[in-house]
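In what follows, a structure is listed as structure tokens, so that the remarks can point back to it.
Every number in this text was worked out from the coordinates using simple rules, so none of it is lab data. In this text the structure is predicted, and so the values were computed from the model without any measurement. Note that we place each Cβ from the backbone using ideal geometry, even for glycine, and neighbour counts take in every protein chain shown.
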Amino acid sequence: MGFATTWATTTLALYGAGGAALATSVAKLRRRFALSKAKHRSLTGHVRLARRLAALVPFYEYDEVRFFSSDGAPADIADRRRAGFERLSTLYKTRFTETIRRTAEAAESISDLQFTDAYRVPFQYSRYVRAHLPSAAFMQKSAGVTVSDLDGNLFYDVSGSYGVNLLGYDFYKGAIERGAARVRELGPVLGPYHPLIVENVKLLKEISGLAEVSFHMSGTEAVMQAVRLARYHTRRSHLARFCGAYHGWWGDVQPGIGNPVPAHETYTLREMAQDTLRVIATRRDIACVLVNPLQALHPNAPAPSDSALVDSARRAHFDKDAYADWLKRLRAICTERGIVLIFDEVFVGFRLARGGAQDYFGVRADLVTYGKTLGGGLPIGVVCGRADLMKRFRDDRPADICFARGTFNSHPYVMAAMNEFLRHLQTPQGRTIYRDLDAIWNERARRLNERLQAEKLPVEIVNMSSIWTVCYREPSRYNWMLQYYLRAEGLLLSWIGTGRLIFSLDYTDADFAAVADRVVAAARAMQADGWWWRHPALTDRAIRRAILREMIARRLFGGRGQWRHVRCGASSASSSSQSATSWPMPGSISSPRSKASGAL
Ligand SMILES: Cc1ncc(COP(=O)(O)O)c(C=O)c1O
């Protein structure tokens, strides 16, 4: 072979290799582009960017003047707000004295309390709120749909114990007691099972329509196991989850803010979107698609916490048929591509229908996770699944296993309380709770909304059966204050505030009427105190821009605001007098307005 031939062959080979590389790059770019199109426009949809930006958000807070006029409200409105705030503060400190005292003491050593306390309202207001409307995190008794605090105050419970309280606290007290009595002789023996586990498995198989069951200690662990099994059996790396959906706090399902390290093998896709189906249908690395059916209430939005309620942009709308249709399309593509479809029913399981979201939406999953209420009042996580997917070893590869253990899995006391819960669902009384369930809760929401509207209160309830969220109909920076008015009216919310109200199904019409009266009274008081002051320039967009400007100013000009003391009730932030209610805080980042000239 002469030089010319060798040269030509080499050149051709290089061209060939170059062409192949180019084709691969184009294909890669195309896949990358398809993935980008399947992301939700919001920062929640761009988890890496959100993490990076979150790290840049500077801390700053409002001084007392700005606290009451951060939306540019005029002085008379700010004064009304201040008076209302002081009234609430006095009420809190006199009515919840002992509960607040004990909470403050405990918070010094309970990191969870410090966290939840700091994140009840947007951070710019947080310290001022904490100082004057301190958190009261202790309760001593529950009865029916109420709980009472250490001062003997009675609250209607709309926290739902994070969703655990489905049948009413009295039911779970009984389930724990009766269950404990049934396994007392065995006691906390772990490893071997108490025989009643067999009935749990039988009932769970029947309810889920799936062949096998595994027990874990929490919903987070159940989700971890379901995803691990999907990866093991498909031999693929990635899990696809949907924007905003919560699946517990394990790193791979929480790839955005809150997780100190990135989750490299998670795709966060836009829910109810054709572009997403396209990605799922074309990528070869997706092991499973994880769905939290609660998102049907607010697709692509994160859990609606009041700490993020900086404006009135919170939206929710539940369209059962549209979501069922989405799940059907997802099901079809997962089946076609051999992708494991996981329903995470830790929250909604048993709340929407006896057979859970699978029955409610009419779509079957390959693996289903349950938790919360299923433990009969005790901690639990459960995976139900197809037999081939639940298997943790390979017959032909003895060393290739999918490991999952847990010291307290299948704890006899938990299995016994679960058994009480599952048996109850078999009784005629247990079955009746699902009769007309949606109709009852839709009608209750409708009637309350009618009252709110009739009184021109800018508050609206959106519900998915007994799971409610509060939306706000006029732009405002102060919607988060409603949680404090609701508490003053005797309603117990969870720490995320008005974003999630969860009712137990033992609420009678009379109980509910009392709650509705209190919601209206709270909103009325809040309106009278001027928090929902309106101005044409006060739009959600303008609010967000103003906050962005504040952040940029804070980053550019740093923490040069001098420290000074402000006092609740003082007519001016420049007051230097110190008293029991004074505390140090930095000066406002922009000069406080003594006389507001217009919104923002
Ligand atoms: C849908 C969903 N999955 C998983 C979890 C995590 O469960 P747990 O808090 O028991 O770990 C939750 C908790 O709220 C949840 O709502």
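Go through (1) at negative phi; (2) in a helix (DSSP H, G or I); (3) not aromatic (F, W, Y) and name the single condition P188 misses.
The failed condition is (2).
Quick one: which residue in E221, E212 is touching a residue at least 60 places away in the same chain (Cβ under 8 Å), under 21 Å from R331 (Cβ atoms) and of a type outside the set (A, V, I, L, M, F, W, C)?
Working: E221 fails: under 21 Å from R331 (Cβ atoms).
That would be E212, the only listed residue that is touching a residue at least 60 places away in the same chain (Cβ under 8 Å), under 21 Å from R331 (Cβ atoms) and of a type outside the set (A, V, I, L, M, F, W, C).
Within the range 263-294, can you find the residues that are part of a helix (DSSP H, G or I) and buried (at least 24 other Cβ atoms within 10 Å of the Cβ)? Please lay out each step first, then the result.
Restricting attention to the range 263-294, the residues satisfying the condition of being part of a helix (DSSP H, G or I) are 274-282, 293-294.
Passing the criteria: T276, P293.
Here are some conditions: (1) more than 22 Å from F318 (Cβ to Cβ); (2) touching a Lys or Arg at 6+ places or on another chain (Cβ under 9 Å); (3) among the hydroxyl-bearing types (S, T, Y). S466 meets all but one. Which one does it not meet?
(1)
May I ask you to list the residues in the range 237-262 that are buried (at least 20 other Cβ atoms within 10 Å of the Cβ), part of a loop (DSSP other than H, G, I, E, B) and either away from the ligand (no atom under 16 Å from the Cβ) or on the phi < 0 side of the Ramachandran plot (or both)?
Across the range 237-262, the qualifying residues are C243, A245, H247, P255, G256.
Could you identify the single residue in A55, A27, A21 that is surrounded by fewer than 10 Cβ atoms within 10 Å (Cβ to Cβ) and either part of a helix (DSSP H, G or I) or more than 30 Å from the chain's Cα centre (by Cα) (or both)? I'd like the intermediate steps shown before the answer.
On the way: A27 fails: surrounded by fewer than 10 Cβ atoms within 10 Å (Cβ to Cβ); A21 fails: surrounded by fewer than 10 Cβ atoms within 10 Å (Cβ to Cβ).
So the residue among A55, A27, A21 that is surrounded by fewer than 10 Cβ atoms within 10 Å (Cβ to Cβ) and either part of a helix (DSSP H, G or I) or more than 30 Å from the chain's Cα centre (by Cα) (or both) is A55.
Let's see how each residue does on (1) over 28 Å from P134 (Cα atoms); (2) under 26 Å from the mean Cα position of the chain (by Cα); (3) surrounded by fewer than 22 Cβ atoms within 10 Å (Cβ to Cβ):
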{"residue": "Y478", "(1), (2), (3)": "no, yes, no"}
{"residue": "A488", "(1), (2), (3)": "no, yes, yes"}
{"residue": "L505", "(1), (2), (3)": "yes, yes, yes"}
{"residue": "V515", "(1), (2), (3)": "no, yes, no"}
{"residue": "G530", "(1), (2), (3)": "no, no, yes"}
{"residue": "E550", "(1), (2), (3)": "no, no, yes"}
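What is the number of the single condition among (1) surrounded by fewer than 18 Cβ atoms within 10 Å (Cβ to Cβ); (2) within 30 Å of E345 (Cβ to Cβ) that L154 does not meet?
That leaves (2) as the condition not met.
When the residues of the range 295-310 are narrowed to those that are more than 13 Å from the ligand (Cβ to nearest atom) and of a type in the set (A, V, I, L, M, F, W, C), which ends up surrounded by the fewest Cβ atoms within 10 Å (Cβ to Cβ)?
Per the criteria, the residue is A308.
State which residue pairs qualify: first residue within 28 Å of T268 (Cβ to Cβ) and inside the range 14-33, second residue not in a helix (DSSP H, G or I) in any location, beta carbons under 7 Å apart, and separation of 6 or more residues or different chains.
Final answer for the pair search is R31/R283.
Got a number for residues in the range 58-81 being of a type in the set (G, A, S) and not in a loop (DSSP other than H, G, I, E, B)? Walk me through it before giving the result.
Here is the first cut: in the range 58-81, the ones of a type in the set (G, A, S) are 69-70, 72-73, 75, 78.
Pick out the ones that are also not in a loop (DSSP other than H, G, I, E, B) and you get 69, 75, 78.
Going through the range 58-81 one residue at a time, the tally reaches 3.
Among (1) closer than 30 Å to Q483 by Cα; (2) surrounded by fewer than 18 Cβ atoms within 10 Å (Cβ to Cβ); (3) out of contact with any Ser or Thr (no Cβ under 6 Å at 6 or more places or on another chain), which single condition is G163 missing?
(2)
Which of the residues that make up the range 510-521 are touching a residue at least 12 places away in the same chain (Cβ under 8 Å), out of contact with any strand residue (DSSP E or B) (no Cβ under 6 Å at 6 or more places or on another chain) and closer than 18 Å to T146 by Cα? Show your work before the answer.
Let us first name the residues in the range 510-521 that are touching a residue at least 12 places away in the same chain (Cβ under 8 Å), namely 511-512, 514-516, 518-521.
With the extra rule that they be out of contact with any strand residue (DSSP E or B) (no Cβ under 6 Å at 6 or more places or on another chain), the set shrinks to 511-512, 514, 516, 519-521.
The answer is D511, F512, A514, A516, V519.
Here are some conditions: (1) in contact with a strand residue (DSSP E or B) (Cβ under 6 Å, 6 or more places away or on another chain); (2) more than 16 Å from the ligand (Cβ to nearest atom); (3) in a helix (DSSP H, G or I). D400 meets all but one. Which one does it not meet?
Failed condition: (3).
What are the residues in the range 326-343 that are crowded, with 16+ Cβ neighbours inside 10 Å, away from the ligand (no atom under 16 Å from the Cβ) and not charged (D, E, K, R), if any?
Hits for the range 326-343 are W326, L330, I333, C334, I339, V340.
Looking at the range 374-387, which of its residues are in contact with a helix residue (DSSP H, G or I) (Cβ under 7 Å, 6 or more places away or on another chain) and in a helix (DSSP H, G or I)?
Scanning the range 374-387 gives L374, G375.
If we scan the range 213-233, do we find a residue that is away from the ligand (no atom under 12 Å from the Cβ), in contact with a Phe, Trp or Tyr (Cβ under 7 Å, 6 or more places away or on another chain) and not in a helix (DSSP H, G or I)?
Within the range 213-233, not a single residue is away from the ligand (no atom under 12 Å from the Cβ), in contact with a Phe, Trp or Tyr (Cβ under 7 Å, 6 or more places away or on another chain) and not in a helix (DSSP H, G or I).
Restricting the search to the range 31-52, which residues are within 15 Å of N259 (Cβ to Cβ) and not in a helix (DSSP H, G or I)?
Passing the criteria: only H46.
Quick check on the range 344-373: of everything there that is assigned to a helix (DSSP H, G or I) and more than 9 Å from the ligand (Cβ to nearest atom), which residue is surrounded by the fewest Cβ atoms within 10 Å (Cβ to Cβ)? Don't jump to the end; show me each part of the working.
Within the range 344-373, the subset assigned to a helix (DSSP H, G or I) is 356-361, 372-373.
Still in the list and also more than 9 Å from the ligand (Cβ to nearest atom): 356-361, 373.
Details: G356: 24, A357: 28, Q358: 23, D359: 16, Y360: 25, F361: 24, T373: 26.
Selected residue: D359.
Does the range 403-419 include one or more residues that are within 30 Å of C334 (Cα to Cα) and without any contact (Cβ under 8 Å) to a residue 60 or more places away in the chain?
yes
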